[in-house]
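What follows is a single structure, written as structure tokens, with notes after it.
The values are calculated or read from the model by the stated rules, or taken from the named source; none is laboratory data. Values in this document were obtained by computation on a predicted structure and should not be read as measured data. Reconstructed Cβ throughout: ideal geometry from the backbone, glycine too, with neighbour counts over all protein chains shown. Heads up: the accessible areas ignore ligands, DNA and RNA and are worked out on the full protein's heavy atoms, side chains in. Shrake-Rupley method; radii C 1.70, N 1.55, O 1.52, S 1.80 Å.
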Amino acid sequence: MSPEDRIREMLSAGEKAFEGRSVSEVGRFLSEQYLDDTGRQRGQLQKLLAGYFLTHQSIHLLMQINRIEFTGESTAETTLFVALAGRPANSVTQLISIRAESESQGGAG
């Protein structure tokens, strides 16, 4: 398996963990040094995810990998786009359709 294939496999496993609403499984993909722009650290993000998973019984991701660039022998940078929906979407067109249906029924999207 090529290094790129291993990265794609890892991203797919992360997607499945998120859709499975498993905080512990998603946590395996979060760096111990995680820190976002709001100062939130790894443990705080896991608590936020736990709350989100409790309030959303159906989670589906549409993930598109834009690029995988190897920056060293054992490092890579990846750009990907992820959309979150309450039901499965296999394409951006289908995702837009889901949003349109939601808005026509008075939902927030």
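Worth a mention:
- Average accessible area per residue (Å²) across segment 15-94 - probe 1.4 Å, nucleic acids and ligands excluded: 71
- Linear extension gain, Arg6 paired with Thr79, 0.36 nm per residue minus alpha-carbon span: 24.7 nm
- The alpha carbons of segment 32-97 give a radius of gyration and a Dmax of 15.4, 42 Å, in that order.
- Exposure check, 1.4 Å probe, all protein chains in place: Phe53 carries approximately 10 Å² of accessible surface.
- Across every pair of non-identical alpha carbons in segment 1-44, the mean reciprocal distance, once inverted, gives a Kirkwood radius of 11.6 Å.
- Of the peptides 46-52, 71-77, the order by per-residue mean of other Cβ atoms within 10 Å, starting with the highest, comes out as 46-52, 71-77.
- Computing FRET efficiency as 1/(1 + (r/R0)^6) for Gln57 and Ala13, where r is the C-beta to C-beta distance and R0 is 25 Å, gives about 0.70.
- Solvent exposure ordering (accessible area, 1.4 Å, most first) of Ser24, Ser12: Ser24, Ser12
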